[in-house]
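The values are calculated or read from the model by the stated rules, or taken from the named source; none is laboratory data. Everything quoted here is computed from the prediction, not taken from an experiment. Don't worry about glycine lacking a Cβ; one is built from the backbone with ideal geometry, like all the others, and counts go over all protein chains shown. To get the accessible areas, we keep the full protein, side chains included, count just its heavy atoms, and leave off ligands, DNA and RNA. Shrake-Rupley method; radii C 1.70, N 1.55, O 1.52, S 1.80 Å.
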Amino acid sequence: MEFTITLQQLETGFGFRIIGGTEEGSQVSVGHIVPNGSADLDGRLRTGDEITHVDGQNVINSSHHHVVSLMRLAGQRGHVTLGVRRRVLGVVSVNLLRCVTVVKE
């Protein structure tokens, strides 16, 4: 599932921390939601969500450093619009069930 979210910066920032990036061989994603921060109060962003765009700029296969730089620029404006991709767990569950079935045989 993919969606766009706009967050306003509060005193604590945008209210989430990012992890990953090409340095770590992964897509930049949300590592932590800060309680009572902008992302938490908005309620749509979740830990594990992948960030695909920052203010319209594609950040798929980008470095952690690059995404942090874009977030800092957004902080100067006081808001950020993120493209977000969330993996659907139902598909994973079906695959896990098949694996369990194979193991039991």
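The table below gives the values:
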{"quantity": "Per-region count, the range 46-72, residues of a type in the set (G, A, S), within 9 Å of V28 (Cβ to Cβ) and out of contact with any strand residue (DSSP E or B) (no Cβ under 6 Å at 6 or more places or on another chain)", "calculated": "1"}
{"quantity": "Within the range 14-50, tally of residues that are among the small types (G, A, S) and touching a Gly at 6+ places or on another chain (Cβ under 7 Å)", "calculated": "6"}
{"quantity": "All positions within the range 30-77 that are open to solvent by 20 Å² or more (accessible area, probe 1.4 Å) and among the charged types (D, E, K, R)", "calculated": "D40, D42, R44, R46, E50, D55, R72, R77"}
{"quantity": "Filter pass, L82 being out of contact with any Gly (no Cβ under 6 Å at 6 or more places or on another chain), open to solvent by less than 80 Å² (accessible area, probe 1.4 Å) and in a loop (DSSP other than H, G, I, E, B)", "calculated": "no"}
{"quantity": "Identity of the residue in the range 10-32, over 10 Å from the mean Cα position of the chain (by Cα) and free of Cβ contacts under 8 Å to residues at least 24 places away in the same chain, that ends up nearest to T81 (Cα to Cα)", "calculated": "E11"}
{"quantity": "Only listed residue being at pLDDT 95 or above and in contact with a Leu (Cβ under 8 Å, 6 or more places away or on another chain), chosen from F14, F3", "calculated": "F14"}
